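S.K.: Got a structure for you, written out below as structure tokens; questions coming shortly.
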Amino acid sequence: MIRFEKKNPVVIKEDIPDIGVKLRDVTSVFNPGAIKVDDTYYLMLRVQNRGRRTFFIMAQSKNGYDFEVENKVVEFKGIEKVKERIYHLYDPRLTKIEDTYYVMFAMEMEDSTQLGLGKTKDFQSFEFVDIVTKQDTRNGVLFPEKVNGKYLRFDRPNNHQVEGGPLTGNSICLSESDNLIDWRTVAKVANGTRFWDNLIGSGPPPVKTRKGWLHVYHGIAMHYAPIYQVGVMMHDLNDPSIVISRGTQCILEPREYWELVGQVPNVIFPQGLIVEEYDDEGFAKEDSEVKLYYGASDTHVGMATSTIRRLIEQSYE
Ligand code: BMA
């Protein structure tokens with residue numbers, strides 16, 4: 001992938017307006033969900049205040065790199081039905097299914113981290129749907145359409161304890177659902193390797209191409225201090241539990257100072273992938289440019305570009 005040259009990082013903490021006491025002179029802005037509707041690019045930003053609490057704030061752009069950040073926080077109506085204490089919502093991913101935009105995010109609660117689901121039709125008012133996991137899980141990404149009559153998602157159960165570190169995970173699973181609320185794990189689809197991606201989790205939601213589902217993910221090298229990088233694999237169109245190809249090298253790693261240095265150093269965390277062109281049947285065109293939005297060192301938002309063709313190629317390299 002090639003870092004966007006004109007401007008990077010594309011969103012920094014100085015872009016976040018003063019939204020009152022809780023969000024004044026914030027610490028960082030990172031790990032955004034992204035989606036393009038007609039000619040508008042939307043980011044759902046993860047903004048962290050000085051109490052290191054996370055808030056979601058929407059931003060819009062007409063060119064994909066100059067973003068105007070809203071001066072209000074995203075509130076999910078109905079989230080008060082959750083009786084357990086919620087500490088943070090974080091790492092949102094945006095997927096359009098039929099005429100609704102869904103947000104899947106991590107919910108850090110008293111005893112575990114679960115996946116939550118929200119929805120909106122206009123990016124102005126948001127509704128909380130439900131908690132959609134039963135075991136500690138992060139990195140949930142919804143497929144943009146049903147496959148064989150089922151809603152699908154990739155998710156990453158947290159069943160790997162890093163010594164002295166967080167509960168994390170080393171395999172991505174495929175889950176299915178009839179109603180987007182009750183989910184069943186179908187298969188473990190990919191494990192971490194002994195090389196650059198010891199621990200893994202999905203990045204942005206998968207993209208439908210003529211050659212299969214394109215799946216960008218993050219891989220963590222754990223040999224010393226963790227390094228978060230980006231990788232790519234392809235899955236069978238009719239049965240996404242089948243991995244057709246998986247790159248042996250990362251396709252983007254921390255190199256710029258703003259990726260190497262920050263709140264958590266050495267982190268590129270991909271969460272939003274925008275495909276510029278789809279064909280009439282809804283497949284991403286191979287020549288289409290893609291824009292990847294990522295959190296850089298848990299401090300800023302970066303953007304890199306590529307094409308569908310190149311990403312598919314890299315899943316074979
Ligand atoms: C992961 C998540 C991300 C974060 C990354 C690097 O486990 O918590 O939100 O960006 O660690 O700190």
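Read-outs: derived from the displayed coordinates by stated rules, not from any lab. Here the structure is a predicted model, which means the values were calculated and not measured. Neighbour counts run over all protein chains shown; Cβ positions are idealised from the backbone, glycine included.
S.K.: What nm distance separates the two modelled labels at GLU313 and ARG210, each placed 7 Å from Cα along Cα→Cβ?
M.R.: Between GLU313 and ARG210, the label points sit 1.7 nm apart.
S.K.: GluC sites (Glu not before Pro) within the stretch 235-303: which are DSSP loop residues with at most 14 other Cβ atoms inside 10 Å?
M.R.: Counting only loop positions with at most 14 other Cβ atoms within 10 Å, the GluC sites (Glu not before Pro) in the stretch 235-303 are GLU277, GLU281.
S.K.: On to the next question. I want to check the label-to-label distance for ASP279 and GLN124. Put each point 7 Å from Cα in the C-beta direction and report it in nm to one decimal.
M.R.: The answer from the label model is 3.8 nm.
S.K.: To the nearest 500 deg cm²/dmol, what mean residue ellipticity at 222 nm is calculated for the chain from DSSP H runs of n ≥ 4 alone, each contributing -39,500 (n - 2.57), summed and divided by the residues? Present the calculation step by step, with values, prior to reporting the outcome.
M.R.: Values: 2 runs with 11 residues, N = 317.
Only helices count here, giving -500 deg cm²/dmol.
S.K.: From the P(r) of the stretch 2-314, can you give the percent of Cα pairs sitting at distances over 27 Å?
M.R.: Details: 17752 of 48828 pairs.
So the portion of pairs separated by more than 27 Å is 36 percent.
S.K.: Let me ask something else. Which entries in the list LYS96/LYS208; LYS13/LYS77; LYS22/LYS77; LYS13/LYS134; LYS119/LYS188; LYS96/LYS188 go over 23 Å, if you measure between the two C-alpha atoms of each?
M.R.: Too far apart for the 23 Å limit: LYS13/LYS77; LYS13/LYS134; LYS119/LYS188; LYS96/LYS188.
S.K.: Rounded to whole Å and ordered largest first, report the semi-axes of the equivalent ellipsoid of the stretch 183-284 derived from its Cα gyration tensor (root of 5λ). Could the numbers behind the result be given before it?
M.R.: Values: eigenvalues 139, 60, 24 Å².
Working through the eigenvalues yields semi-axes of 26, 17, 11 Å.
S.K.: Now a separate question. Would you mind getting me the FRET efficiency between VAL82 and THR248? Use the beta-carbon distance for r and R0 = 45 Å, nearest 0.05.
M.R.: 0.60
S.K.: Please check which bits of the stretch 126-159 a label hung off ASP111 would reach, taking the label as a point 7 Å along Cα-to-C-beta and the cut-off as backbone N under 15 Å.
M.R.: Within reach of a label on ASP111: 134-137.
S.K.: Could you give P(r) for the stretch 60-219, binned at 10 Å from zero, as whole percent values over all Cα-Cα pairs?
M.R.: Per 10 Å bin, starting at zero, the Cα-Cα P(r) for the stretch 60-219 comes out as 10, 37, 35, 17, 1 percent.
S.K.: What whole number of Å gives the distance from the Cα centroid of the stretch 4-47 to the Cα centroid of the stretch 203-269?
M.R.: Here the answer is 21 Å between Cα centres.
S.K.: Given Cα pairs under 8 Å that are at least 6 residues apart, what percent is the relative contact order of the stretch 1-150?
M.R.: Numbers: 312 pairs, mean separation 24.0, N = 150.
Relative CO of the stretch 1-150 lands at 16 percent.
S.K.: Let me ask you something else. Over the chain, what is the relative contact order in percent, taking alpha-carbon pairs closer than 8 angstrom and at least six residues apart? Could you put the intermediate results ahead of the total?
M.R.: Details: 892 pairs, mean separation 49.2, N = 317.
Computed over the chain, the figure is 16 percent.
S.K.: Could you tell me which of rounded, prolate or oblate describes the stretch 105-165, using a ≥ b ≥ c as the square roots of the eigenvalues of the alpha-carbon gyration tensor, with rounded for a/c under 1.5 and, failing that, prolate when a/b is larger than b/c and oblate otherwise?
M.R.: Note, shape of the stretch 105-165 comes out oblate.
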